[in-house]
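The values are calculated or read from the model by the stated rules, or taken from the named source; none is laboratory data. Please read all numbers here as calculations on a predicted model, not as lab measurements. Cβ atoms come from the backbone with ideal geometry, glycine included; neighbour counts cover every protein chain shown. When the accessible area is computed, the model is the full protein with side chains, heavy atoms only, and any ligands, DNA or RNA have been set aside. Shrake-Rupley method; radii C 1.70, N 1.55, O 1.52, S 1.80 Å.
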Amino acid sequence: MQFEFDQTEPIYQQIADQLEDMIFTGLLKEGEQAPSTTQLSQELHINPATVLKGMRQLVDRGLLEKHRGLGMFVAAGAQAKIVEERKDTFYETYIKSLLEEASKLGITEEHLIELIKRGYQDGSIKNQSPE
Amino acid sequence: MEALKISHLNKNYGRQTILNDINMTLEPGKIYGLLGRNGAGKSTLLNLIVNRILPNSGTIKLGNDDINDNDAALTQFYLMSEVSLYPKHVTLKQMWEMADLSYGSFNFNRARRLLKEFDIQDENVKLSNLSTGLQTAAKLIVALSVNANYVFLDEPILGLDANHRDVFYQELLKAYEENVKTYVLSTHLIEEIQQLVEHIFILDNEKITVDADVDDLLAEMFVISGPAMLVEEYVKDQNVLGTRSLAGIKTAFVRGALSEEKEIPDQIQIKHPDLQQAFIYLTKK
């Protein structure tokens, strides 16, 4: 498990984001126990109140749940929930900044679509079949 | 456990004012940072709290009780001592026994374990025979094993190498987890303790100038950089603590919420500072 911190956001937010990422990528599986506040705090040298604040965010979003006396566990359906949330913000977080950068570089709409198609033809990224 | 409340505390030596109208509250079970530049009066403040020296005016109370000459209160406070306050030939084991005598229930097991963690061979070694870094380690071992609800660590990482600093951070959090108490870390070495402390006090020019949760303080501070003209225009009405320039790029350090209406030009980058940067600009002469 690897956590990295920078100055872009408060530490508790970064803890929440990175735990979310671990659930999203399947590093932490549903039903599995999440690292405890104590573990994270001692391992990362972060005040336990800060760690708790980060974890509480995930509890509030229904991604982690507290099993009394046992600790925090990844909630059933957590991964799907993250996927849904990220789909919702995909346009805002990725497409918009992509278009902004393209426009700064003078890349036209046709050229951009061309580039996206080329990305798929490269073969490294699989095109999802329509549902 | 009760809160420790300091009100209107003043201390001067002769005509020289050291502390001027200090007001602060320490809550039970939190880790605090007491930050200040060299000579800001951090050690004086800690010595006042543990009643080693007396204020010229003001009060220090634990709950409702004044701590002055109050043994019941004072045995809840432990201040990591300066080496010079120990008897000349004191051994580490004797330091533990002294702490056990004054505070009771000294955690000898933890002390022995920490001895190993800090790579000190023998509990019968003399404090004065250790290097500066290991003297700090020896004092930390006492501070982390003593039975007191308020533990004040004055320059806890003085001379410690990177491995031993690591041991200290981990062991502090471990001790805190096992037995929740209040720790106050007084230091001017801030970078590494930023994530350890929940709340900070900054002592500057005889006064407490910042009393805030670290998250809240950093959230309201900004580092704004970009082309000089754009930055100057953007920070015009803000509380600018300081600026730096490098080849036409200007960086401004700002405290206080940024205007919501003002549009941020594309070439301007806005970040939050880390605690060290924030400290530098908050305590600039």
Report, in degrees rounded to the nearest 10, the 0 to 90 angle that the Cα long axis of helix A:48-60 makes with the longest principal axis of chain A. 60
If we restrict to alpha carbons, what Rg and Dmax does chain A come to, in Å? 18.7, 58
Amide N of the range B:170-192 lying under 11 Å from the label point, which is placed 7 angstrom from the Cα of B:GLN276 along Cα→Cβ: B:189-192
Computed curve, chain B, Cα-only Debye sum without solvent term, log₁₀ I(q)/I(0) at 0.07, 0.08, 0.13, 0.14 Å⁻¹, is -0.32, -0.41, -0.92, -1.03
To the nearest whole number, what is the average tally of beta carbon atoms from other chains within 10 Å of the beta carbons of peptide A:35-46? 4
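Could you give the C-alpha radius of gyration of the range B:220-282 expressed as a fraction of 2.2 N^0.38 Å, taking N as the number of residues it contains?
On the way: Rg = 10.8 Å, N = 63, 2.2 N^0.38 = 10.6 Å.
In units of the 2.2 N^0.38 Å rule of thumb, it is 1.02.
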Test of understanding: given chain B, find the longest segment containing no GluC sites (Glu not before Pro) that are in a DSSP loop and have at most 11 other Cβ atoms within 10 Å. B:1-259
Just A:VAL74, A:VAL51, A:VAL83 to compare: in a GNM of chain A, with alpha carbon springs under 10 Å, which one fluctuates most? A:VAL83
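Can you give the accessible area buried between chains A and B, summed over both chains, with a 1.4 Å probe, in Å² to the nearest 100?
Counting both chains, the buried surface is close to 1500 Å².
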If you build a Gaussian network model of chain A, linking Cα atoms that sit under 10 Å apart, which residue out of A:GLY62, A:GLY119, A:GLY26 swings the most? A:GLY119
For the full complex of protein chains and a 1.4 angstrom probe, list B:SER131, B:SER245 by accessible area with the highest value first. B:SER245, B:SER131
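Among A:LYS66/A:LYS87; A:LYS104/B:LYS284; A:LYS87/B:LYS174, which pairs are too far apart, with a Cα-Cα distance over 31 Å? The partial results should precede the final answer.
Numbers: A:LYS66/A:LYS87 27 Å; A:LYS104/B:LYS284 40 Å; A:LYS87/B:LYS174 40 Å.
Among A:LYS66/A:LYS87; A:LYS104/B:LYS284; A:LYS87/B:LYS174, the Cα-Cα distance tops 31 Å for A:LYS104/B:LYS284; A:LYS87/B:LYS174.
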Percent of Cα-Cα pairs per 10 Å bin, from 0 to the last occupied bin, for the range A:44-93, please list those. 23, 41, 29, 7, 0
Full-extension gain in nm, B:THR132 to B:THR25, via 0.36 nm per residue minus C-alpha separation: 35.3 nm
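Excluding ligands, DNA and RNA, what is the solvent-accessible area per residue of the protein assembly as shown at a probe of 1.4 Å, expressed in Å²? Write down the numbers at each step before the final one.
Numbers: 22510 Å² over 416 residues.
Normalised by residue count, the accessible surface of the protein assembly as shown is 54 Å².
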Taking R0 as 35 Å, what FRET efficiency do you get between B:ASP66 and B:GLN16 from their Cβ-Cβ distance, rounded to the nearest 0.05? 0.85
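Quantify, in whole percent, the carbon and sulfur part of the accessible surface of chain B (1.4 Å probe; protein heavy atoms only).
On the way: 6090 of 13550 Å².
On chain B, the fraction of accessible area on carbon and sulfur atoms equals 45 percent.
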How much of A:PHE24 can a 1.4 Å solvent probe reach, expressed as accessible area in Å² and rounded to 10? 70
For chain A, what % of the accessible area comes from carbon and sulfur atoms, probe 1.4 Å? 53
Short to long, in 20 Å steps from zero, the percent of alpha-carbon pairs of the protein assembly as shown per bin is 21, 47, 26, 6, 0
Indicate, rounded to the nearest 5 percent, the antiparallel portion of the DSSP beta bridges found entirely in the range B:4-213. 55
Just grab the label-to-label distance for B:LEU85 and A:GLU9, each label 7 Å out from Cα along the Cβ direction, in nm (one decimal). 4.3
If R₀ is 35 angstrom, what is the calculated FRET efficiency for the pair B:ASP122 and A:GLU43, using the beta carbon separation as r and rounding to 0.05? 0.70
Probe 1.4 Å, all protein chains present, accessible-area order of A:ARG118, A:ARG86, B:ARG165, largest first: A:ARG118, A:ARG86, B:ARG165
Antiparallel bridge percentage (DSSP; both residues within the protein assembly as shown; nearest 5): 70
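Sort B:THR17, B:THR283 by accessible area with a 1.4 Å probe, largest first.
Working: B:THR17 60, B:THR283 5 Å².
Ranked list, largest accessible area first: B:THR17, B:THR283.
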Counting helices only, and only those DSSP H runs with n ≥ 4, report the 222 nm mean residue ellipticity of chain B as the sum of -39,500 (n - 2.57) divided by its residues, in deg cm²/dmol to the nearest 500. -9000 deg cm²/dmol
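Counting pairs of alpha carbon atoms under 8 Å apart in space and at least six apart in sequence, what relative contact order in percent does chain B give? Kindly include the intermediate steps, with their values, before the conclusion.
Numbers: 505 pairs, mean separation 56.3, N = 285.
Relative contact order comes out at 20 percent.
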I'd like the accessible area for B:ASP119: 1.4 Å probe, protein heavy atoms, all chains in place, Å² to the nearest 10. 100
Can you give the accessible area of B:SER105, probe radius 1.4 Å, in Å² rounded to 10? 100
Put simply, what bits of the range B:209-239 lose 10 Å² or more of accessible area when the other protein chains are there, versus the chain on its own (1.4 Å probe)? B:ASP215
Under a 10 Å cutoff between Cα atoms, tell me which one of B:ILE49, B:ILE157, B:ILE18 has the largest fluctuation in the Gaussian network model of chain B. B:ILE18
If you take the beta carbon distance between A:THR89 and A:SER36 as r and set R0 to 41 Å, what does 1/(1 + (r/R0)^6) give as a FRET efficiency, to the nearest 0.05? 0.90
